[in-house]
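The values are calculated or read from the model by the stated rules, or taken from the named source; none is laboratory data. Predicted model, so just to flag it, every value in this text is computed and none were measured. FYI the Cβ positions are ideal-geometry reconstructions off the backbone, even for glycines, and counts take in every protein chain you see. Surface accessibility is based on the protein's heavy atoms, side chains included, excluding ligands, DNA and RNA. Shrake-Rupley method; radii C 1.70, N 1.55, O 1.52, S 1.80 Å.
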Amino acid sequence: MSLQYNSQFFSFRRTTIPKDLMEDLENHLASSTLEFKDTRVVGANSPEEDMSAYLSDRRRCKGAVVENEDVMKFIFAQFNEVNPATDIWQFDLSFFENIQYLRYDSEEDHFDWHNDMMMSDDKVNLMTRKLSMTLMLSHKEDYTGGEFEFASVRAGQLNTKEISLDYGDILIFPSIMEHRVKPITSGVRNVLVAWAWGPLFK
């Protein structure tokens, strides 16, 4: 038996949604009632010490929950297509969390280093986030700053990788991967984000 490095939790998949499908998606979003509110890091996903300081500067942008059924079907189909087609994933997925529309539209809006790993509070049927998704709704020329980056530690060294995203690009990755959105310096950065859940890894 030959061995190879296990990149199951350090790989991502990026593709571009065709223009006509993006136009349909944006039409559905435009017809939806979206209530944007200031976002913040969830306390359950933060260190217990110095909580107020941690929460105050980790994340700054606006967010709205997307409940349009056509949008949800489209996004969930992306998870269902990419997961089984990726040999090293094929995760056991059970359900999908509500989609969020995030808007970075003020100077210095950002989301600092974090991962998306969350666990349900159901002690009988524990679930965890397994896959995360970002779909870019803005064009590169719409904003400056706001770069998306992954981080990992290999042999004690911190490695970062910037992922260039343009209009229609969709990025799916294991929720355990550390990532961030660097501060916006001008313009508006709009994205959809979503998460796929499943039973605890065994």
Worksheet entry | region 64-202, relative contact order in percent, only Cα pairs under 8 angstrom and at least six apart counted | 38 percent
Worksheet, complete the sentence: Here the net charge surrounding THR185, from other residues whose Cβ is less than 14 Å away from its Cβ (Lys, Arg +1; Asp, Glu -1), is -3
Item to complete: Heavy atoms only, probe 1.4 Å: what % of the accessible area of region 96-202 goes to carbon and sulfur, would you let me know?
Response: 49 percent
Worksheet item: For the chain, what size does the Cα cloud have along each of its three principal axes, sorted from largest down, in whole Å?
Response: 51, 42, 36
Response to the item:
Probe 1.4 Å, heavy atoms of protein chains only: per residue, the accessible area of the chain in Å² is 56 Å²
Worksheet item: So what is the 222 nm mean residue ellipticity for the chain from helices alone, if each DSSP H run of at least 4 adds -39500 (n - 2.57) and you divide by all residues, rounding to the nearest 500 deg cm²/dmol?
Response: -5500 deg cm²/dmol
